[in-house]
Structure formats: C-alpha cells, structure tokens
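The values are calculated or read from the model by the stated rules, or taken from the named source; none is laboratory data. Please read these numbers as outputs of a predicted model, since none were measured by experiment. With ideal geometry, Cβ positions are generated from the backbone for all residues, glycine too; neighbour counts draw on all protein chains shown. With ligands, DNA and RNA removed, areas are computed over all heavy atoms of the protein, side chains included. Shrake-Rupley method; radii C 1.70, N 1.55, O 1.52, S 1.80 Å.
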Amino acid sequence: MRTKIFFTMPEKNIPVNNQKQLNSYIHRVLGHDNSYHDTFSNYAISSLQGGKLMPDGNLKFESNPYIVVSSEDPTFIGLFLEGVQNMDEKFFDMSYLRIELGDYAVHEYFDKVNTISPILIKKDGKKITIKDDGWLEAITENCIKKLEYKGVSTKGFHIEIRNPERAKKKIIYVGDVFNPCSMVSLKITGTKKARKTLYNLGIGNSTGSGFGTIELYP
C-alpha cells in the first residue's frame, strides 16, 4: 500500500535540511516506545515532497507539501494514519490535511523507477554513492537481502542504472550527520511480487527515515 499524507501550506519556507525534524515527527506519530523503532523497516517513508529549492537554501511550496508512506503491513499503515490524524503537534507549522490512498501498479516484467527520496547505501561500513565503484552491486545485494528476509523469491531479480549521465550525488544532513546519497533512475526486473514488495519497503538503508522512496514511470 502506498499512501500520500498531505499537510496544510506552511506559513514560511522550510529549510532544505529538514530530515531531523521529519524523523522526529515520524517517531511522535508512531509513539516514542513503538515496536517499529530500531528494527527491520517493514515500511518506507519519503522525504518531504513538493517543494522548490530557493537560492537561500529553503524550500518554497506552491501546493500542499506531502510525504509518501508505503508498507506491505496494513497494521502499520493503519497505525501511522491513526497517529497522523489524532496528533495535535505540528510538523514545522504544518498540520495534517488529508490522505490519498493508492498502490504501486507494477508492470508485467520490469519497471522503470525514479527516486523521489535519495538512496542511502552502505558498503563495508562506509556510505557510498552512484559516483563510487560497487554502488550498483551494493544496492542489488541490499534489495535481495530484504526480499529474502521477507521470504520473497528473487528469481530473475536484476537492477540496471538508466541514464547514468543524469544520476546525481546528493548530500543529506540529519542533524550533524553527513549522508552522501544518490538520486537515480533504475530499471528493476523480477517477479511482480518481488518488485512490489521492494517498493513498499524502499530501496537502500534508513528507508523508514526519509530515504529510498521511488515512483514508477507509466
């Protein structure tokens, strides 16, 4: 299940480095002692979407900001949506506005996907990006491990980089933590079950904290 959660328009522009505040908001929605924290992320939560980066380093919104929440677990989705709708606290100066329910409509044999939240991946304890050797292998291994953990077949599973010349390295700060990430377009081949499961889990590390959310090309 893939859900968009829309917020009211902010009264002022929002800093582009807002991941720490987003993570705090997520924990408040789920409850600080929730059973999902520091465990295998059976879900993905995107970075804040819809903003235009301004020269001063802030995001300007001309339409309502939103985040994308996805999971194979309907209990998690229900808990998250209940928390969002019942919480009085705001995300910056924004309040919950509405939800838009949906799903990932995977294609027959493969999908062309685009990152809407940067992919964070670690190899041998080091954070690497599309500009580093071994990035594709590390991403593929990460995805296969997730699917195997969920008991999903990885037969025929394969990832390719589309338009590598357009791939970008992006730096995301979470507080003072430096996270080199990648914004890329990928072609992902595999069973429909494997691909849909992967998209709901997110690609790479820290998918429950604003990384690794994708969208499908029609």
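The number of residues in segment 124-147 being open to solvent by 80 Å² or more (accessible area, probe 1.4 Å) and either assigned to a strand (DSSP E or B) or in contact (Cβ under 8 Å) with a residue 60 or more places away in the chain (or both) comes to 1. Evaluation of Ala138 against the conditions (1) within 16 Å of the chain's Cα centre (by Cα); (2) modelled with pLDDT of 95 or more shows that the sole unmet condition is (1). Among the conditions (1) open to solvent by 70 Å² or more (accessible area, probe 1.4 Å); (2) modelled with pLDDT of 95 or more; (3) assigned to a loop (DSSP other than H, G, I, E, B), Val152 misses just one, which is (1). Taking the criterion of being open to solvent by 80 Å² or more (accessible area, probe 1.4 Å) and under 25 Å from Ser24 (Cα atoms), the only residue of segment 101-121 that qualifies is Leu101. For segment 200-217, does any single residue satisfy the condition of being under 25 Å from His27 (Cα atoms), at pLDDT below 95, of a type outside the set (D, E, K, R) and in a loop (DSSP other than H, G, I, E, B)? Yes, the conditions are met somewhere in segment 200-217.
Of Tyr25, Tyr66, which residue is within 14 Å of the chain's Cα centre (by Cα), aromatic (Phe, Trp, Tyr) and at negative phi?
Values: Tyr25 fails: within 14 Å of the chain's Cα centre (by Cα).
Just one listed residue meets the conditions, Tyr66.
Tallying residues that are assigned to a loop (DSSP other than H, G, I, E, B) and open to solvent by 50 Å² or more (accessible area, probe 1.4 Å) within segment 1-32 yields 8.
Scanning segment 79-90 turns up no residue that is open to solvent by 20 Å² or more (accessible area, probe 1.4 Å), more than 21 Å from Phe6 (Cβ to Cβ) and in contact with a Phe, Trp or Tyr (Cβ under 8 Å, 6 or more places away or on another chain).
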